[in-house]
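Rule-based calculations on the coordinates, nothing more; no lab input. Note that this is a predicted model, so its numbers are computed, not measured. So basically every Cβ, Gly included, is an ideal-geometry build from the backbone, and we count neighbours across all protein chains shown.
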Ligand code: ADP
Ligand code: MG
């Protein structure tokens with residue numbers, strides 16, 4: 001049974017099916033004291049353990065009033081999107097919801113590996129390898145493709161909102177934070193939702209309509225950052241960053257890009273295109289040569305084994321598959 005998307009004017013879904021519990025969260029959970037898992041503008045995330053199961057969760061506490069405005073409907077939308085994506089393994093699971101007079105608490109699946117941000121800004125020797133970025137990028141695109149097929153745009157894709165199930169060994173990604181996400185449907189325009197400056201698409205800056213392509217721009221920036229540790233449009237001020245984005249002022253000659261496979265930069269370039277209509281979709285990005293499987297295990301069938309020995313006789317050695325390190 002799926003949550004039936006019902007939207008209002010601003011692209012917010014309203015009908016949730018999760019029970020909103022009004023007893024205290026602490027009746028069923030031990031909230032781990034000390035360090036928070038994370039914090040954003042209006043939310044604090046804390047680790048907690050469900051007493052009945054012993055399982056660890058992440059409790060996201062969201063204030064209902066923000067800047068003097070009632071934002072309960074925004075939180076219901078966030079819940080609804082999580083419900084809508086419940087079957088997608090690339091999106092964090094929602095376990096339970098609690099409400100107090102001031103806050104709503106989303107009890108989420110715990111992503112023990114934390115934000116991919118840590119490894120994006122790490123020293124290059126601790127950063128992701130290209131092979132790892134490819135695997136994670138495939139997963140991110142799978143998640144975003146699911147959302148887009150369900151008419152949801154995330155609008156805040158950045159390394160702080162992509163988490164990992166584990167960090168070492170490197171696990172799988174989980175997309176979080178649907179606080180800015182919107183339900184988009186043909187004919188209805190949404191403009192002017194501001195994500196994070198470095199990841200924002202040109203159409204957002206120009207007050208032009210927002211679409212699934214807006215996410216694809218952010219994924220292009222994300223791929224660049226994951227591969228190089230460099231934020232490609234970051235300027236010394238917000239204004240400078242916005243100027244760099246609207247002029248697509250980006251360098252593809254950084255030394256960090258030189259060692260990558262030849263198809264890596266073209267992949268990024270299919271996403272960092274000014275015209276939203278000309279950008280790759282999540283589905284087409286998944287088909288890009290850079291993301292194709294690098295390891296093809298071929299068992300020799302008698303015929304090709306025959307052919308091979310023939311070629312070797314001829315002094316021909318064919319390179320099969322790629323010479324990449326796939327340890
Ligand atoms: P905000 O809307 O305030 O940005 P997020 O949902 O992005 O809230 O959560 C803030 C931070 O909390 C994330 O960037 C991440 O570091 C941490 N966090 C959020 N959800 C989880 C989770 N399920 N497991 C582990 N950490 C989480
Ligand atoms: Mg966030």
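Looking at 97, 105, 121, 81, just one residue is more than 10 Å from ligand 1 (Cβ to nearest atom), within 30 Å of residue 229 (Cβ to Cβ), in contact (Cβ under 8 Å) with a residue 60 or more places away in the chain and in contact with a helix residue (DSSP H, G or I) (Cβ under 9 Å, 6 or more places away or on another chain), and that residue is 121.
Return the residues of segment 159-186 that are in contact (Cβ under 8 Å) with a residue 24 or more places away in the chain, away from ligand 1 (no atom under 15 Å from the Cβ) and over 24 Å from residue 224 (Cα atoms); say none if nothing qualifies. Passing the criteria: 183, 184, 185. When we screen 155, 170, 164, 180 for residues that are crowded, with 17+ Cβ neighbours inside 10 Å, within 12 Å of ligand 2 (Cβ to nearest atom) and at negative phi, the only hit is 180. May I ask you to list the residues in segment 18-45 that are farther than 21 Å from residue 83 by Cα and away from ligand 2 (no atom under 16 Å from the Cβ)? Across segment 18-45, the qualifying residues are 23, 24, 26, 27, 28, 29, 30, 31, 32, 33, 34, 35.
Residue 71 fulfils the conditions (1) in contact with a strand residue (DSSP E or B) (Cβ under 6 Å, 6 or more places away or on another chain); (2) within 12 Å of ligand 1 (Cβ to nearest atom); (3) closer than 16 Å to residue 13 by Cβ except for a single criterion, (1). Restricting attention to segment 200-243 and to residues that are part of a helix (DSSP H, G or I) and free of Cβ contacts under 8 Å to residues at least 12 places away in the same chain, the residue that is nearest to residue 144 (Cα to Cα) turns out to be 243. Take the residues of segment 46-74 that are without any contact (Cβ under 8 Å) to a residue 40 or more places away in the chain and within 16 Å of ligand 2 (Cβ to nearest atom): which is surrounded by the most Cβ atoms within 10 Å (Cβ to Cβ)? So, considering only residues that are without any contact (Cβ under 8 Å) to a residue 40 or more places away in the chain and within 16 Å of ligand 2 (Cβ to nearest atom), the one surrounded by the most Cβ atoms within 10 Å (Cβ to Cβ) is 46.
Scanning segment 17-45 for residues that are exposed (fewer than 15 other Cβ atoms within 10 Å of the Cβ), within 16 Å of ligand 1 (Cβ to nearest atom) and part of a loop (DSSP other than H, G, I, E, B) gives 32, 34, 35, 36, 40, 41.
Given the condition out of contact with any helix residue (DSSP H, G or I) (no Cβ under 6 Å at 6 or more places or on another chain), within 11 Å of ligand 1 (Cβ to nearest atom), part of a loop (DSSP other than H, G, I, E, B) and within 26 Å of residue 118 (Cβ to Cβ), answer yes or no: does some residue in segment 143-155 qualify? There is no residue in segment 143-155 that is out of contact with any helix residue (DSSP H, G or I) (no Cβ under 6 Å at 6 or more places or on another chain), within 11 Å of ligand 1 (Cβ to nearest atom), part of a loop (DSSP other than H, G, I, E, B) and within 26 Å of residue 118 (Cβ to Cβ). The residues in segment 95-112 that are surrounded by fewer than 21 Cβ atoms within 10 Å (Cβ to Cβ) and within 16 Å of ligand 2 (Cβ to nearest atom) can be counted, and the count is 1.
Within segment 187-199, can one find any residue that is more than 27 Å from residue 106 (Cβ to Cβ), touching a residue at least 24 places away in the same chain (Cβ under 8 Å), surrounded by 16 or more Cβ atoms within 10 Å (Cβ to Cβ) and more than 16 Å from the chain's Cα centre (by Cα)? The answer is no; no qualifying residue exists. Being within 27 Å of residue 60 (Cα to Cα) and within 16 Å of ligand 2 (Cβ to nearest atom) is a description that does not apply to residue 148. Only one of the listed residues (33, 89) is in contact (Cβ under 8 Å) with a residue 60 or more places away in the chain and out of contact with any strand residue (DSSP E or B) (no Cβ under 8 Å at 6 or more places or on another chain). That residue is 89.
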